[in-house]
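The values are calculated or read from the model by the stated rules, or taken from the named source; none is laboratory data. The model shown is predicted, which means the values in this text are computed figures rather than measured ones. Glycine also receives a Cβ, built like all others from the backbone with ideal geometry; neighbour counts cover every protein chain displayed.
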Amino acid sequence: MSQEFMPFAKSFAFVSLLIASQCIAWAQLPEDFDMFGPLPVDPAVRVGELDNGLRYYIRENARPENRVSLRLVVNAGSLQEEDNQRGIAHFLEHMAFNGTKNFQKLELVNFLESIGMRFGQHLNASTSFDQTIYQLEVPWEDPEVVDKAFLILEDWASNISLDPFEIEAERGVVVEEWRSGQGAAQRIRDQQYPLVYYNSRYAKRLPIGSMFVVQNAPAERFVDFYKKWYRPNLMAVIAVGDFDADEVERQIISRFSRLENPEGAPERVNSEVPDHDQTLFSIVSDPEVTGMSTSIYLKVDPDGDETGADYRRHLIERIYFTLLNQRLSERTLDAEPPYINASVSSTGLGREKRAYAMSVGLIQGKVQEGIEYLVAEVARASEDGFSQSELDRVKADMIRGMDRAFEERENTQSGVFASEYTRAFTIDEPIPGIELERDMTHAFLADLDIEEVNRVGDVFKNEKNRVILFTAPEADGYELPSQDELLAALESGKAMGLGAYIDDVSDAPLLAVVPEAGEIVEESYHESVDVHEWTLSNGARVVVKSTDFKNDQILMSAYSEGGSSLVADDEFIPALTTTMLLGEAGIGPFNTIQLEKKLAGKTIRVSPAIGGNAETIGGSASPQDIEDFFKLLHLQITQPNEKDLEKAFHSVKNRLSEVVANRGKSPNAVFQDAIEEAYYGDHPRHQPLDLGRLEEMEARLSLEIFKDRFQNAGDFVFVFVGAIELDSFRDYVKTYLATLPSRGGEREKARDLGDKPKSGRLSVDLKKGLEEKTSVRVFFNGDAEWSPENRYALAFARALLNIRMREVLREENGGVYGVSVFGSLGRLPSPTYSTGFGFSCDPGNAEMLVRLGLVEILSLQEQGVRPENAQKVRELHIREHERGLKENGFWLSNLVGVYAEGREFEEILSFPDRVRAFDLEAAQRAAQLYFDMSNLLVAYLRPEYQE
């Protein structure tokens, strides 16, 4: 049979198999479920269409409480631009925030900030090839705020002002956004896109556009695009939140029914990515690229996803890629790995094409070997298939993940639904709802045969529409392969023959011997915050808060002061790499591969880390897996895997060596190193991680450091927050935590290493990088007096400066796309502050913009706080706190702060009152103290060519 008829044959076989299996699968599905009909729409979402063609999606959802997530989706992007409009679609998105019929320039942003929303987080927009999306999140309890929010959407849809003066003022901001994206990644992308999107409009319509158009297009060109493509039959309004759906529907119908479609408007058609028989190659190097990689794209037409049969096919494909990626990942754990990383995936290339991709991060001197092993592993899976045991584990993980999503269906964030409905509008993604998705997943996986999964591997045998991308540093020792050499590596990989896959599993129990329980020797209950505190017989402290915010989540954070400050300088690199090595070696009798397989179908995470001043353990678990979580935590602390340590050492060192070998080619990395040198000189804790320092790695010393840092439970406080059943939890704590090794009541303190930043006025002026771009970092550092009050005063001052610097540097001067103001008050080993601001810009504007930033700091120091901005910050902090009170992560971090920083429980709840009563003069004093002009470092990263 000729190749062109093969797809039909495969489809016929697939349909036959589906019909045969339906007897089993349908038993778990609704009686009226039609396997080959369109999937139904989730009854929880209200979908409607106005007479003018505008579609809307409405869903009531109480997470977060008293909030609504709103979106205006325009089914038009950069692909709809004419040649003389390249960049207009994206520029137009900017103009939506620079004046509409009912909101003058900055008035929209000021309004949202005045009600406690953050520009960029709660108010934002994005433009891509195919669509433009506007989004905002607002409180729901105030009807006036709600009316204004829908008025904003209406204005975006039909009443953007496009004032020529404001267009002119915004040109600089768009140019700076373009400039911020320039660099090695952009240069590589510009060479690869014409091949990946061969002969298509995508290759010529990057959303950022042409800077000639951006800088010179007249206002009429903006108006033309706006009127032509911003029309109701290409729009959707999405509203998800804690509201009454009938009221929201009335708002949408009232405001958007009056929009009209322009006469003679062009049809909106999807852009195709044409086929090509030949293999296309992009083999490029760049002086700022730090690593080698190869990607192989096999482009195909997209399959449908409208039916249950489509859902099942995509589910099987996901399983196959998961299985193959697990095998590819296992190879990186070899003592002499053939590559740094490797993966396969399915990725969209616009709306009319997708690609199966094979990617590999390569090691110098092993280019051919790395490609061969990638292709050989793909070929082995395609020829020999996977085993039933491998499939069973992945099925267990997928079922568990879907069950968790179903269990948390009442706690899903509104933004998640809003994104789902955005895809439903733009790419017709089905929205059947989590209940039907769970039922389909259970039904389809219950009868899934390994042979059906294995057939997915045929997709990698196609060589039509193939694109091969190779990227390498432009440096000595790196030779670019020829097209023939790359093809030869692919062919030799196919013929390599890896032999039968050995499924490395262990039948050993997770914890062979359950320890005899210890005791809770002291208990206290903090009623105001509903927190239980237990002191254990080994000295460990356990803090427990049971919540109902998530049905299937328990979070843990364990904290002990000390960290790498307590090791000698010549042990710093072993300390730095300790948890990386031990994590790769495994735990107890299990290597990493065996452990992952042992935990299949369970929701458990335990992650130790050694920081500069503390050792910590992060963790999470489903309540149904909580005993296994405690076993894993006990095992992690008491039984690091020593037998596989040397293998892990060589594997980690080999891969790290490749990562750091070309670090000096990255302008940003060299810039950061120069700043560190200016502040810390030759202090051993602040030197770059290079090949020479990697030689200081020592496996056995890392093991001893791990034991020293973590095998002293008496110095730890374990904080748990989530869906906790206290009675059974107590038993687990006594069995698995009270029996951890301890050195009595020893309470360690972080050691002062004498590595404070140098004081005085310092500067860094580095020339590195090819692009016409200057990166600026301005730092202030010094000693401080630590207290919760001082920390908040700094946070308040930082937020004020964020607002003003955005207004001055971006809105008033058009000199930056974004500016970041940062700052923190550190407690260990002695109280210090570190603050500053940063941005990228035109090289000719750098000094001027630094001066403007410093002037704003001086203004806050000398003239005090602007009341309107103070109110914005107050509202923002109160709203964030309001939302945090219903989130496990918020409580976890705050409770850790109580024990690590000596804060009071009541501070957590009284925060809004303290914000309202906050003395604005304290923010002014904080600016004076923590942005001290006498301890100032100004750093410039300029292009190499600049005089």
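Results, tabulated for the structure shown:
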quantity: Helices (runs of 4 or more DSSP H) (entirely within the stretch 530-648) containing at least 3 residues that are aromatic (F, W, Y), modelled with pLDDT under 95 and buried (at least 21 other Cβ atoms within 10 Å of the Cβ); calculated: none
quantity: L860 being at pLDDT below 95 and either surrounded by 21 or more Cβ atoms within 10 Å (Cβ to Cβ) or assigned by TED's automatic domain parsing to the domain that holds V531 (or both); calculated: no
quantity: The stretch 275-334: number of residues that are among the polar types (S, T, N, Q) and farther than 28 Å from S482 by Cα; calculated: 3
quantity: Boolean, I468 is buried (at least 19 other Cβ atoms within 10 Å of the Cβ), touching a residue at least 60 places away in the same chain (Cβ under 8 Å) and assigned to a loop (DSSP other than H, G, I, E, B); calculated: no
quantity: Hey, E901 surrounded by fewer than 19 Cβ atoms within 10 Å (Cβ to Cβ) and modelled with pLDDT under 95 or not; calculated: yes
quantity: Helices (runs of 4 or more DSSP H) wholly inside the stretch 658-739 containing at least 3 residues that are in contact with a Leu (Cβ under 6 Å, 6 or more places away or on another chain); calculated: 667-680, 699-710
quantity: Test: residue in the stretch 832-850 that is in a helix (DSSP H, G or I), of a type in the set (F, W, Y) and either in contact (Cβ under 8 Å) with a residue 24 or more places away in the chain or more than 17 Å from V819 (Cα to Cα) (or both); calculated: no
quantity: Residues satisfying the stated conditions in the stretch 313-349, i.e. in contact with a Lys or Arg (Cβ under 9 Å, 6 or more places away or on another chain), closer than 25 Å to E429 by Cβ and outside any helix (DSSP H, G or I); calculated: S346, T347, G348, L349
quantity: The listed residue being in a helix (DSSP H, G or I), among the acidic types (D, E) and touching a Lys or Arg at 6+ places or on another chain (Cβ under 7 Å), out of D403, D439; calculated: D403
quantity: Filtered residue count, the stretch 269-292, keeping only those that are more than 30 Å from I340 (Cβ to Cβ) and touching a helix residue (DSSP H, G or I) at 6+ places or on another chain (Cβ under 6 Å); calculated: 1
quantity: Test set (1) assigned to a helix (DSSP H, G or I); (2) touching an Asp or Glu at 6+ places or on another chain (Cβ under 8 Å); (3) farther than 22 Å from E317 by Cβ - Q364 fails condition number; calculated: (1)
quantity: Filter result for G681 (surrounded by fewer than 17 Cβ atoms within 10 Å (Cβ to Cβ) and on the phi > 0 side of the Ramachandran plot); calculated: yes
quantity: Residues being closer than 30 Å to G586 by Cβ, among the aliphatic types (A, V, I, L, M) and either free of Cβ contacts under 8 Å to residues at least 12 places away in the same chain or assigned to a strand (DSSP E or B) (or both) - total across the stretch 477-529; calculated: 2
quantity: First in the stretch 308-326 and assigned by TED's automatic domain parsing to the domain that holds E429 and in contact (Cβ under 8 Å) with a residue 24 or more places away in the chain, second anywhere and charged (D, E, K, R) and assigned to a helix (DSSP H, G or I), Cβ under 7 Å, 6 or more apart; calculated: I316/E452; L323/E390
quantity: Condition met for G308 (at positive phi and not basic (K, R)); calculated: no
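Listed here are the residues, each with its yes/no results for (1) of a type in the set (K, R); (2) under 28 Å from V240 (Cβ atoms); (3) in the same structural domain as E352 (by TED's automatic domain parsing); (4) crowded, with 20+ Cβ neighbours inside 10 Å.
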| residue | (1), (2), (3), (4) |
| --- | --- |
| D403 | no, yes, yes, no |
| Q413 | no, yes, yes, no |
| V416 | no, yes, yes, no |
| Y421 | no, yes, yes, yes |
| T426 | no, yes, yes, no |
| D449 | no, no, yes, no |
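Matching residues to (1) at pLDDT 95 or above; (2) over 30 Å from L436 (Cβ atoms); (3) in a loop (DSSP other than H, G, I, E, B):
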site: G48; (1), (2), (3): yes, no, no
site: V68; (1), (2), (3): yes, no, no
site: F91; (1), (2), (3): yes, yes, no
site: S126; (1), (2), (3): yes, no, no
site: E141; (1), (2), (3): no, yes, yes
site: L151; (1), (2), (3): yes, yes, no
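To keep it simple, each residue is scored yes or no on (1) surrounded by fewer than 15 Cβ atoms within 10 Å (Cβ to Cβ); (2) of a type in the set (F, W, Y); (3) part of a loop (DSSP other than H, G, I, E, B).
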{"residue": "A203", "(1), (2), (3)": "no, no, no"}
{"residue": "L206", "(1), (2), (3)": "no, no, yes"}
{"residue": "Y226", "(1), (2), (3)": "no, yes, no"}
{"residue": "F243", "(1), (2), (3)": "no, yes, yes"}
{"residue": "L259", "(1), (2), (3)": "no, no, yes"}
{"residue": "S271", "(1), (2), (3)": "no, no, yes"}
{"residue": "P274", "(1), (2), (3)": "yes, no, yes"}
